[in-house]
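**Q** I am attaching a structure below and will ask some questions about it afterwards.
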Amino acid sequence: MEAGDWVPTSWRSKEAAQSVKYPDEAHLAKVLDKVKALPPLVTPSEIERLRHQLSLVQKNEAFLLHAGDCAESFAACTQENISAKVGLILSFSLILTWGARLPVVRIGRIAGQYAKPRSSATEKIGDRDVMIFRGDNVNGFNPDERTPDPERLLSAYFHSTATLNHIRGLLTSGFASLHHPRDWSLLHVRSPSLRDEYEAISQGLSDALDFTRTIGLAAGRETQSYERGGGRGVLGEADLYTSHEGLLLDYEEAMTRFYPIPDSTISRELQVGTPAPKKYYNTSAHFLWVGDRTRQLDGAHIEYFRGIRNPIGIKVGPSMAADELVRLLDIVNPEHDNGRVTLITRYGINKIATHLPVHIKAVQESGHPVIWVCDPMHGNTLTSSTGLKTRHFGTIISELTSCLRIHSECGSRLGGVSLEFTGELNEEGYSVTECLGGSMELSEEQLGLRYQSFCDPRLNFEQSLDVAFLVSNYFNN
Ligand code: PEP
Ligand code: MN
């Protein structure tokens, strides 16, 4: 089918991996009609601005941070959790911007990251076989609530809305101001060296901003380079974009709207005076990615993804053949648009050296413009001796450093990182204990202390800042 024939329902004629079977189809249809009538969560101008910013990442003028929870839950949609997550994303990007002198494009796995692909359809709980938990927008974590309920899609819409509303509130009321980076919660960082390093950055930044104000400059490098993309141009304000895995196509279709491309983009891309063409925008998030389990060339997900105007991510793992990757790029980006495709690689420490160079070479030879991002989490999951799903900080760092090295050896460049992390604290102000190691040297015995993820294990605040310093030092040298 030609791109011009694409409609949001085109995917329905293809096979959808990981699809959900609802007991009552009429109920599902009613919910989807309601979702279709609800307002968009994000706008075409924001989506276009992100496309533009990603094209800067592709040109090595910015770095991409994609991070957040493996899966959000409805219960975790609270003021504290959202602020902690936004605070960590901002702290992480501050370290990078300051250390590497590179603007950071921030995309949260937030405000819609509810659905999870799973390797098995069922699990045994006690002596019962129940459907596996597929994420809060499908069924409940409680074994008695495992039947898929379409009302959860509506609930997902409203929880996404509440989350996004709080993020927008935080970003426009000074929380993200570069003048007060210490408000982004450092109080609980227990490692003195980590704290000192971060304090030194905040102090240096404050001095630099004071100096800038004194000599009367109105904009920093970050804002200046984004202005062409319609950035706000206010010193100290930050952009934070939202993303989720585009897994449940019924919902994604219902949130897909046909809108004119905003004016500022048209004047950049087309002749002034041409009537504004319309495109299909997925208005549930700025950025969507297709997972490693749903990226079949002839499958429903790729069919859906090829038609939307949003910038997209594709997970790339060891099972991806090099020619398959190029065919995939031909399908989703036939015009070779800049900033459109981000490849999120996740091989695992033992496989990266075999696969990444081959993938880089194939993409280079194809001429496709892409952004390369390292996800050092998903290929490195293991089960601890106490039966908890975990990841070792050292292994995560090894995949990341191998990735940086391989890109440079292949004449390519790593454009960003994709992490599962959380700034969440318990009531006493302690971070979660889900990944082993890091500057706090978390041991196997300590894993059970504050293991809060109901999906994949996440880096905690301190471990995340450790990663930020590592990447920042790499680009600084
Ligand atoms: C994820 O990002 O949480 C995930 C499931 O990743 P992948 O599709 O790469 O396994
Ligand atoms: Mn995950």
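The values are calculated or read from the model by the stated rules, or taken from the named source; none is laboratory data. Since the model is a prediction, treat every value here as computed from it, not as a measurement. All Cβ positions, even for glycine, are placed from backbone atoms using ideal geometry, and neighbour counts span all protein chains on display.
**Q** Looking at E46, is it among the acidic types (D, E) and touching a His at 6+ places or on another chain (Cβ under 8 Å)? Break it down stepwise before answering.
**A** Numbers: among the acidic types (D, E): yes; touching a His at 6+ places or on another chain (Cβ under 8 Å): yes.
Considered against the rule, which asks whether it is among the acidic types (D, E) and touching a His at 6+ places or on another chain (Cβ under 8 Å), E46 comes out as yes.
**Q** Right, another one. Go through the stretch 416-436 and give me each residue that's buried (at least 19 other Cβ atoms within 10 Å of the Cβ) and more than 15 Å from ligand 2 (Cβ to nearest atom). Give the derivation first.
**A** Residues of the stretch 416-436 buried (at least 19 other Cβ atoms within 10 Å of the Cβ): 416-425, 431-436.
Once the filter is applied, which keeps residues that are buried (at least 19 other Cβ atoms within 10 Å of the Cβ) and more than 15 Å from ligand 2 (Cβ to nearest atom), the stretch 416-436 yields G416, G423, E424, L425, S431, T433, L436.
**Q** Given S83, S45, which one is in contact (Cβ under 8 Å) with a residue 60 or more places away in the chain, more than 30 Å from E197 (Cβ to Cβ) and assigned to a helix (DSSP H, G or I)? Walk me through how you get there before you give the answer.
**A** On the way: S83 fails: more than 30 Å from E197 (Cβ to Cβ).
Answer to the check: S45.
**Q** Further question: Filtering the stretch 124-146 down to residues that are part of a strand (DSSP E or B) and touching a Pro at 6+ places or on another chain (Cβ under 9 Å), which residue is surrounded by the most Cβ atoms within 10 Å (Cβ to Cβ)?
**A** Applying the first criterion (part of a strand (DSSP E or B)) to the stretch 124-146 yields 124-125, 128-131.
Add one more test, that the residue is touching a Pro at 6+ places or on another chain (Cβ under 9 Å), and what stays is 125, 128, 130-131.
Details: I125: 11, R128: 11, V130: 16, M131: 19.
The selected residue is M131.
**Q** Provide a single number: the residues in the stretch 318-356 that are among the charged types (D, E, K, R) and not in a helix (DSSP H, G or I). Reasoning before the result, please.
**A** Of the stretch 318-356, the ones among the charged types (D, E, K, R) are 323-324, 327, 330, 335, 337, 340, 346, 351.
The next check asks that each one be not in a helix (DSSP H, G or I); those that pass are 335, 337, 340, 346, 351.
The qualifying residues number 5.
**Q** Now a separate question. If I filter the stretch 431-456 down to residues being of a type in the set (A, V, I, L, M, F, W, C) and within 16 Å of ligand 1 (Cβ to nearest atom), which single residue comes out as farthest from P117 (Cα to Cα)? Before the answer, list the steps.
**A** First, pick out the residues of the stretch 431-456 that are of a type in the set (A, V, I, L, M, F, W, C): 432, 435-436, 440, 442, 447, 449, 454-455.
If we keep only those that are within 16 Å of ligand 1 (Cβ to nearest atom) too, we end up with 435, 454-455.
Details: C435: 21, F454: 14, C455: 11 Å.
Looking at the filtered set, the residue picked out is C435.
**Q** Taking the stretch 86-115, which residues are assigned to a loop (DSSP other than H, G, I, E, B), modelled with pLDDT of 95 or more and more than 16 Å from ligand 2 (Cβ to nearest atom)? Step through it out loud before you land on a result.
**A** Initially, the stretch 86-115 is screened for residues assigned to a loop (DSSP other than H, G, I, E, B), giving 101-103, 111-115.
Restricting the remaining residues to those that are modelled with pLDDT of 95 or more gives 111-115.
Passing the criteria: only A111.
**Q** Moving to a separate point now. Would you point out the residue of the stretch 56-73, among those that are small (G, A, S) and assigned to a strand (DSSP E or B), that is surrounded by the fewest Cβ atoms within 10 Å (Cβ to Cβ)? Walk me through how you get there before you give the answer.
**A** Our first condition is that a residue be small (G, A, S); within the stretch 56-73, this holds for 62, 67-68, 71, 73.
Those left that are additionally assigned to a strand (DSSP E or B): 67-68.
On the way: A67: 28, G68: 26.
Among residues in the stretch 56-73 that are small (G, A, S) and assigned to a strand (DSSP E or B), the one surrounded by the fewest Cβ atoms within 10 Å (Cβ to Cβ) is G68.
**Q** Taking G394 as meeting all but one of (1) at pLDDT below 95; (2) assigned to a loop (DSSP other than H, G, I, E, B); (3) closer than 22 Å to A67 by Cβ, write down the number of the exception.
**A** All conditions are met except number (2).
**Q** Let me ask something additional. List the number of the failed condition for S464; all other conditions in (1) farther than 24 Å from S243 by Cβ; (2) touching a residue at least 12 places away in the same chain (Cβ under 8 Å); (3) of a type in the set (G, A, S) hold.
**A** Looking at each condition in turn, S464 falls short on (1).
**Q** For A353, indicate whether it is within 17 Å of I396 (Cβ to Cβ) and among the small types (G, A, S).
**A** Working: within 17 Å of I396 (Cβ to Cβ): yes; among the small types (G, A, S): yes.
So A353 fits the description; yes.
**Q** Give the residue that is farthest from the chain's Cα centre (by Cα), with candidates limited to residues of the stretch 1-23 that are in a helix (DSSP H, G or I) and at pLDDT 95 or above. I'd like the intermediate steps shown before the answer.
**A** Here is the first cut: in the stretch 1-23, the residues in a helix (DSSP H, G or I) are 3-5, 10-13.
Adding the requirement that they be at pLDDT 95 or above leaves 10-13.
Numbers: S10: 26, W11: 23, R12: 26, S13: 28 Å.
For the stretch 1-23, the residue satisfying everything is S13.
**Q** In the stretch 433-469, what residues are in a helix (DSSP H, G or I) and either under 21 Å from A76 (Cβ atoms) or at pLDDT below 90 (or both)?
**A** Here is the first cut: in the stretch 433-469, the residues in a helix (DSSP H, G or I) are 444-446, 461-469.
Within the stretch 433-469, E444, E445, Q446, F461, E462, Q463, S464, L465, D466, F469 meet the criteria.
**Q** Is the stretch 410-420 home to any residue that is more than 16 Å from ligand 1 (Cβ to nearest atom) and touching a residue at least 60 places away in the same chain (Cβ under 8 Å)? Even if it seems obvious, please write down each step before you answer.
**A** Quick first cut of the stretch 410-420, residues more than 16 Å from ligand 1 (Cβ to nearest atom) only: 410-415.
Among the residues that remain, those that are also touching a residue at least 60 places away in the same chain (Cβ under 8 Å) are: 413, 415.
The answer is yes; a qualifying residue exists.
**Q** Here is a list of conditions, (1) closer than 23 Å to V373 by Cα; (2) within 16 Å of ligand 2 (Cβ to nearest atom); (3) aromatic (F, W, Y), and F454 meets all of them except one; can you say which number that is?
**A** That leaves (1) as the condition not met.
**Q** Could you count how many residues in the stretch 372-402 are within 16 Å of ligand 1 (Cβ to nearest atom) and either in contact (Cβ under 8 Å) with a residue 60 or more places away in the chain or loosely packed, with under 15 Cβ neighbours inside 10 Å (or both)?
**A** 12
**Q** On the given criteria, is R405 under 30 Å from Q58 (Cβ atoms), more than 16 Å from ligand 1 (Cβ to nearest atom) and assigned to a helix (DSSP H, G or I)? So that I can check it myself, show each step before the final result.
**A** Values: under 30 Å from Q58 (Cβ atoms): yes; more than 16 Å from ligand 1 (Cβ to nearest atom): yes; assigned to a helix (DSSP H, G or I): yes.
It is true that R405 is under 30 Å from Q58 (Cβ atoms), more than 16 Å from ligand 1 (Cβ to nearest atom) and assigned to a helix (DSSP H, G or I).
**Q** Working carefully through the options L343, L325, find the one that is more than 19 Å from the chain's Cα centre (by Cα) and either buried (at least 20 other Cβ atoms within 10 Å of the Cβ) or among the charged types (D, E, K, R) (or both). Can you show your working first?
**A** Numbers: L343 fails: more than 19 Å from the chain's Cα centre (by Cα).
Residue meeting the stated conditions: L325.
**Q** What's the number of the only condition in (1) surrounded by fewer than 18 Cβ atoms within 10 Å (Cβ to Cβ); (2) touching a residue at least 60 places away in the same chain (Cβ under 8 Å); (3) outside any loop (DSSP other than H, G, I, E, B); (4) not charged (D, E, K, R) that A26 fails to meet?
**A** Among (1) surrounded by fewer than 18 Cβ atoms within 10 Å (Cβ to Cβ); (2) touching a residue at least 60 places away in the same chain (Cβ under 8 Å); (3) outside any loop (DSSP other than H, G, I, E, B); (4) not charged (D, E, K, R), A26 violates only (2).
**Q** What is the residue count in the stretch 354-394 for residues that are away from ligand 2 (no atom under 16 Å from the Cβ) and either polar (S, T, N, Q) or at positive phi (or both)?
**A** Residues flagged as away from ligand 2 (no atom under 16 Å from the Cβ) and either polar (S, T, N, Q) or at positive phi (or both) within the stretch 354-394 amount to 8.
**Q** Let me ask you something else. In contact with a strand residue (DSSP E or B) (Cβ under 8 Å, 6 or more places away or on another chain), modelled with pLDDT under 75 and not in a helix (DSSP H, G or I), is that true of A276?
**A** Numbers: in contact with a strand residue (DSSP E or B) (Cβ under 8 Å, 6 or more places away or on another chain): yes; modelled with pLDDT under 75: no; not in a helix (DSSP H, G or I): yes.
So A276 fails the test.
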